[in-house]
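The values are calculated or read from the model by the stated rules, or taken from the named source; none is laboratory data. Predicted, not measured: the structure shown is a model, and the values here were computed from it. So basically every Cβ, Gly included, is an ideal-geometry build from the backbone, and we count neighbours across all protein chains shown.
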């Protein structure tokens, strides 16, 4: 079992043992804390190997008793629904453990089985939460929490073909202790720790205890035990048990290569390889829900960061290229500006002014045109020209012996003036006003009419 | 680990914001390049146009320059214009015109000038014709009253003098008025 763990923390009922990275390979002694000690936080925390470093991958092994399993009938097989259901159930069942809904794992019963449901494993021991908090504060928050029984279950699943369909007892004999682990259909049921008695009757008493435990198993699992696997001091144990139990006994090869663990961690020797303990699978370990959530999003986050980083590199390259292009264009513009001494706008302004002046009729010209347009019988009195509005007001007198003559004179003047001034709109008699009040009658019978006219000139 | 994960979201956000900002910056630069390019094309066309029509444009500029009286100050311009007008009236043996000027605002390059003149109708007409040669004078209003009995005319002109202020070191103080000898 290859491992990529940084730290392994093993908890017993009294102590915790923290194995540093590489420590579990080189047989180095773990750092030990008593459980009372961790409740008086944060003193002593700095003694932890890797204390204060982020990103540690820590495995926590807790006693089997800290873990509990329960079965709930549940119809749905959808993980999201099962998760929500279990969170609700656990919170309701263990109100004194506020974090319980974060620390559980489950396995769904096969749809073909009689009763559909979910078996949930969860931390039920307050010490487990205290320990998790302690490790979290030391930046060693455990990513996986498991127990010796679950580690054995994972190992048995790999080496025993029918482990998922049988009732299996694992007997692990270590020095003066024997550990019994009972599994039903691949799921851990319960474990026992027995002290091996001294003297000749040790095997008889062990056999008695095993028989008692098998009876308990039969009651709990409601099925018979199919196989006994033995590990540890195999020779003596197998010899003493063979023929005395009506169950096949299977011998497990040792996992490690003589790794020596502290005496109170001897229960792990069977699953402790030369490289420590491998990362347990999801079914045989509990991962804090918050860590699971973070791990789920981690690839998305990194993918987003990498995509953005690549985009930044690409965009920055484009930016540099655009910048050089812009500088080139600005250099060209500066060169053109040097050549371009006189902007066309100035010339346009000059042209506008000259055109305006050319289109404007000076007073002298207006007078000359007026003179040329006058009929013989008409005399100018006053001329007012407003060059801003291009309007001309004219006051004149026409002498005529008959109204028809007067009309002809007016018409002639209007036509002449329109032609002379090249007016857009020709002047008509209607445009002229004449003042009847000022009628003057000459002695010769001729009448002088005073007329006024307003016209728009170019 | 929670804070680290939170930081990761923050980093992702910051990096994405940076990427978007650079993209926006690029967009701005592309706009600038296109704008400069358009300006350069217009400049290029103008340069070609100026090269092709240089002489004509020069004459236009010269004609345009005649519309302004190059002087050091507007007040001097007014005096110069009055002097030229008096010269013109004198050449036509007309009585000296009466001038009234409007107050000149600081920084202004134009000044209002009212001229009142009396004389024979023919000479007044010649005077009006002569004054058109002083191109820096722009007519605003003109009133000519003719007394046929005396063959006299009374002329009131309202004009604007257009000046171009220049440094005295480079240019003469007062530009000499347009010749009136033609009259």
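Please list, ordered by first then second residue, the pairs with beta carbon atoms under 7 Å, 6 or more apart or interchain, first in the range A:284-296 and within 12 Å of another protein chain (Cβ to nearest Cβ), second surrounded by fewer than 15 Cβ atoms within 10 Å (Cβ to Cβ) and in a helix (DSSP H, G or I).
A:290/B:2
So residue A:385 fits all but one of (1) surrounded by fewer than 16 Cβ atoms within 10 Å (Cβ to Cβ); (2) in contact with a strand residue (DSSP E or B) (Cβ under 9 Å, 6 or more places away or on another chain); (3) within 10 Å of chain B (Cβ to nearest Cβ); (4) at pLDDT 85 or above; what number is the exception?
(1)
Please verify whether residue A:375 is more than 9 Å from chain B (Cβ to nearest Cβ) and either without any contact (Cβ under 8 Å) to a residue 40 or more places away in the chain or in contact with a strand residue (DSSP E or B) (Cβ under 9 Å, 6 or more places away or on another chain) (or both), treating the condition exactly as stated.
It is true that residue A:375 is more than 9 Å from chain B (Cβ to nearest Cβ) and either without any contact (Cβ under 8 Å) to a residue 40 or more places away in the chain or in contact with a strand residue (DSSP E or B) (Cβ under 9 Å, 6 or more places away or on another chain) (or both).
More than 9 Å from chain B (Cβ to nearest Cβ) and without any contact (Cβ under 8 Å) to a residue 40 or more places away in the chain: does that describe residue A:332?
When the stated conditions are applied, residue A:332 does not pass them.
Can you tell me how many residues in the range A:196-212 are touching a strand residue (DSSP E or B) at 6+ places or on another chain (Cβ under 9 Å) and either at positive phi or not in a helix (DSSP H, G or I) (or both)?
Qualifying residue count, the range A:196-212: 1.
Return the total of residues in the range A:302-326 being in contact with a helix residue (DSSP H, G or I) (Cβ under 8 Å, 6 or more places away or on another chain) and closer than 13 Å to residue B:26 by Cβ.
10
Could you please let me know if residue A:320 is on the phi < 0 side of the Ramachandran plot, within 9 Å of another protein chain (Cβ to nearest Cβ) and assigned to a helix (DSSP H, G or I)?
no
Tell me whether the range A:318-332 contains one or more residues that are surrounded by fewer than 16 Cβ atoms within 10 Å (Cβ to Cβ) and in contact with a strand residue (DSSP E or B) (Cβ under 9 Å, 6 or more places away or on another chain).
no
Find the residue count for the range A:163-184, including only residues that are modelled with pLDDT of 85 or more and either assigned to a loop (DSSP other than H, G, I, E, B) or in contact with a strand residue (DSSP E or B) (Cβ under 8 Å, 6 or more places away or on another chain) (or both).
Counting residues in the range A:163-184 that are modelled with pLDDT of 85 or more and either assigned to a loop (DSSP other than H, G, I, E, B) or in contact with a strand residue (DSSP E or B) (Cβ under 8 Å, 6 or more places away or on another chain) (or both) gives 15.
Of the numbered conditions (1) at pLDDT 60 or above; (2) in a loop (DSSP other than H, G, I, E, B), residue A:41 satisfies every one except a single condition; which is it?
Only one criterion is unmet by residue A:41, namely (1).
Does the range B:93-110 contain at least one residue that is under 30 Å from residue A:337 (Cα atoms), within 14 Å of another protein chain (Cβ to nearest Cβ) and modelled with pLDDT under 90?
Checking the range B:93-110: at least one residue is under 30 Å from residue A:337 (Cα atoms), within 14 Å of another protein chain (Cβ to nearest Cβ) and modelled with pLDDT under 90.
Of the conditions (1) within 14 Å of chain A (Cβ to nearest Cβ); (2) at pLDDT 90 or above; (3) in contact with a helix residue (DSSP H, G or I) (Cβ under 6 Å, 6 or more places away or on another chain), residue B:160 satisfies every one except a single condition; which number is it?
Going through the list (1) within 14 Å of chain A (Cβ to nearest Cβ); (2) at pLDDT 90 or above; (3) in contact with a helix residue (DSSP H, G or I) (Cβ under 6 Å, 6 or more places away or on another chain), residue B:160 breaks only (3).
For the range A:118-135, state whether one or more residues are under 33 Å from the mean Cα position of the chain (by Cα), surrounded by fewer than 18 Cβ atoms within 10 Å (Cβ to Cβ) and closer than 23 Å to residue A:20 by Cβ.
Within the range A:118-135, one or more residues are under 33 Å from the mean Cα position of the chain (by Cα), surrounded by fewer than 18 Cβ atoms within 10 Å (Cβ to Cβ) and closer than 23 Å to residue A:20 by Cβ.
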